[in-house]
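The values are calculated or read from the model by the stated rules, or taken from the named source; none is laboratory data. Predicted model only: the values in this text are computed from it and were never measured. Heads up, the Cβs are rebuilt from the backbone with ideal geometry, glycines too, and the neighbour counts pull from every protein chain shown. When the accessible area is computed, the model is the full protein with side chains, heavy atoms only, and any ligands, DNA or RNA have been set aside. Shrake-Rupley method; radii C 1.70, N 1.55, O 1.52, S 1.80 Å.
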Amino acid sequence: MGLPLIGEVVHLLTPSYSLDLHPFVRKRLERYGPIFWTSLVGKPVLVTDDPEFKNYVIQQEGRMVELRYLDTFAKLFVQEGESWTNQIGVIHKYARSIFMNHLGAECINEKLLPQIEESINKHLCAWSSRESVEVKHAGSVIHKKATTMLRAMLRERRSSPEKRRGDFLDQIIDDLDQEKFLSEDFCIHLIFGGLFAIFESISTVLTLFFSLLADHPAVLQELTAEHEALLKNREDPNSALTWDEYKSMTFTLQVINETLRLTNTAPGLLRRALKDIPVKGYTIPAGWTILLVTPALHLTSNTFKDHLEFNPWRWKDLDSLVISKNFMPFGSGLRQCAGAEFSRAYLSTFLHVLVTKYRWTTIKGARISRRPMLTFGDGAHIKFSEKKN
């Protein structure tokens, strides 16, 4: 389908100026139903938003399907005499373990939460001294520049043991001599990929926050009330945010969930069929790519009534089972993003500092564009000012 070699990729990358599901996917789902196939960059892709088939694919991880990476990225991992399929489980286990060690709930509770708050305080204070700040997603980061910087940091740390801090970088340096699949290139791309995935989602959600809160003053009012109540309940209002306070932010989590539902940073989950897979009278040939369109779950009226409406209160009425089946901003199953808790903690802390210490005015709104990932053009231009006690 589509043009030779590139298939329908041009239609997929055509911008849509809406938070709604990208027209490339929506129109085909309406025309062909919840399962259809297309061709992207010369490769056959099965696209689905069918809940039953989606859950089946996730359950078959490592048996009928595997993670689908770009071929050029996959080459970084393959060892001589071994196949990508044989190594993927070991590689994913290692990557998830190291990220959970340094960005998981335990580390956030014991070490990272005050560091996150301190960093946010520092940046918002600096922003308040400027005429305006351009807030946009992290897609403007230049890959080559970032990886060059990371490579220099890695080499400097390896050559100067006295500078070690017991952090993520130190662990990966120690593991370089122990894990045969690790190489300098692997480590650089692992660090960049992990940090980019986390902060791409965070920066995109933060940019959308400003637009949504400006248009929904009732949400901002309840959000502010929740965080001011936290300050009133402290013995020292100026003390650092605690783990218990973070976990008590009920309405804040609803705001974050609703914003994540509308953001849909990733267009879906990619898997590759390891074997022929029968599905509803058809067969998906081995080697085909499968795209599970998770944004379709978030942007349908079946679960989320008036799906384009920003309504954080809707989450009060959704039970945990419904949420687990229909809300996957960080993926699902064994491959759920290891930075999910870090992202929530960072967003919650940012909102806490923002609404308790600052006011802001939108100088220039951001233009929303989905292609199919959400972008904001030149970004939003925001003027920050400190609240006076």
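For the chain, the relative contact order works out to 29 percent when only alpha carbon pairs closer than 8 Å and six or more residues apart are counted. Spatial offset of the stretch 272-289 relative to the stretch 310-389 amounts to 36 Å, using the alpha carbon center of each.
Nonpolar atom fraction for the stretch 8-386, defined as the carbon and sulfur part of the 1.4 Å probe accessible area, stands at 53 percent. Available extension along the chain between residue 147 and residue 30 is 38.0 nm, counting 0.36 nm per residue and deducting the alpha carbon span. Residue separation of residue 283 and residue 134 scaled by 0.36 nm, minus their Cα-Cα distance, works out to 48.8 nm of gained length.
Using R0 = 51 Å, the C-beta based FRET efficiency linking residue 224 and residue 302 works out to 0.95. Computed about the Cα centre, the dipole magnitude for the stretch 8-386 is approximately 1020 debye when only Lys and Arg (+1) and Asp and Glu (-1) carry charge, each at its Cβ. One compactness figure for the chain is 1.04, namely its Cα radius of gyration divided by 2.2 N^0.38 Å. Accessible area of residue 132 (1.4 Å probe, protein heavy atoms only, ligands and nucleic acids ignored): about 40 Å². The DSSP beta bridges internal to the chain are antiparallel in roughly 85% of cases. In plain terms, the chain from residue 276 to residue 93 could stretch by 63.3 nm, reckoned as 0.36 nm per residue minus the Cα-Cα distance. Modelled spin labels at residue 336 and residue 236, positioned 7 Å past Cα toward Cβ, are 3.5 nm from each other.
Computing FRET efficiency as 1/(1 + (r/R0)^6) for residue 316 and residue 159, where r is the C-beta to C-beta distance and R0 is 56 Å, gives about 0.55. Summed over the residues of the stretch 8-386 and divided among them, the accessible surface reaches 50 Å² per residue at a probe radius of 1.4 Å.
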